[in-house]
Amino acid sequence: MKHILLIDLHSAAHELFHQLTAQGYYVHQVDNAFDALIKMETLTLEAILLDFAVPKMDSFWLLVARQAPTPIIVIADANNELERINALELGADDYLSQPVNVRELQLRLNVLKRRSQPAINDVKPAQISFEDDTYTVNLVDKPLVLTQTEYRLFKYLFERQGEVVTKAELQQRVLHKEHGRFDRNLDMHISNTRRKLVKGNLPREMINTVRGQGYSFSF
């Protein structure tokens, strides 16, 4: 369940509450800074929707709120340009105008989420770790659970990153069998591993096919 903190006083907030709930969000609605801070400290939130009209929503409070990793989206008056600028200057991640369009809110949340995730091109070897007992690879804090064979193939290619590893070598060192001309067992394991990478929002190109030679691992 995705939790959203809604800090709002307007009557329109009730409509927004029901719309978000219908979309599968669990909405925590408060009308003061004190209750908002309690929610921030006790919940893992998808986003904070903040209306400046709520009492004590001054610059000091917003600066405190900025210490949280949760995206803060200010609900601003569409006709008040200064309010929108002020919100961004104080550290808000984004703003929406009244009345809030839930579909637009979801799209903006997706954008903020992508911005907060490190790009795969910035991944360093130190950010990849292996759990041999559970056959799990942790890539930028994303766990990738593999079968024993898939795990051994991934780890072997990772340890030889930058090199082209032939199919014959992988068959012998990982699958412990000779590579037959019509044997597609190795290709099947590689294909399944790539499918799991994609499912985990990771690029399948981490395991590259080098035509006529074998496979290589790259970031």
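Couple of notes before you dig in:
- Spin-label model distance (nm) - Arg204 vs Leu107, 7 Å beyond Cα toward Cβ: 2.8 nm
- Cα-Cα over 28 Å, subset of Lys2/Lys155; Lys142/Lys177; Lys113/Lys167; Lys2/Lys196; Lys113/Lys196: Lys2/Lys155; Lys142/Lys177; Lys113/Lys167
- The range 121-217 - charge dipole about Cα centre, Lys and Arg +1 at Cβ, Asp and Glu -1, debye rounded to 20: 380 debye
- Using the Cβ-Cβ distance between Tyr26 and Gln161 with R0 set to 45 Å, the FRET efficiency from 1/(1 + (r/R0)^6) comes to roughly 0.60.
- Label-point gap, in nm, between Glu169 and Glu15 - each point 7 angstrom along Cα→Cβ: 6.5 nm
- Estimated FRET transfer efficiency when R0 is 45 angstrom, pair Ser191-Asp35 (beta carbons, to 0.05): 0.30
Quick note: the coordinates plus some simple rules give every number you see, no bench work behind them. On a predicted model such as this, the values are computed, not experimentally measured, just so you know. In this analysis, Cβ positions are derived from the backbone assuming ideal geometry, glycine residues included, and neighbour counts consider all displayed protein chains.
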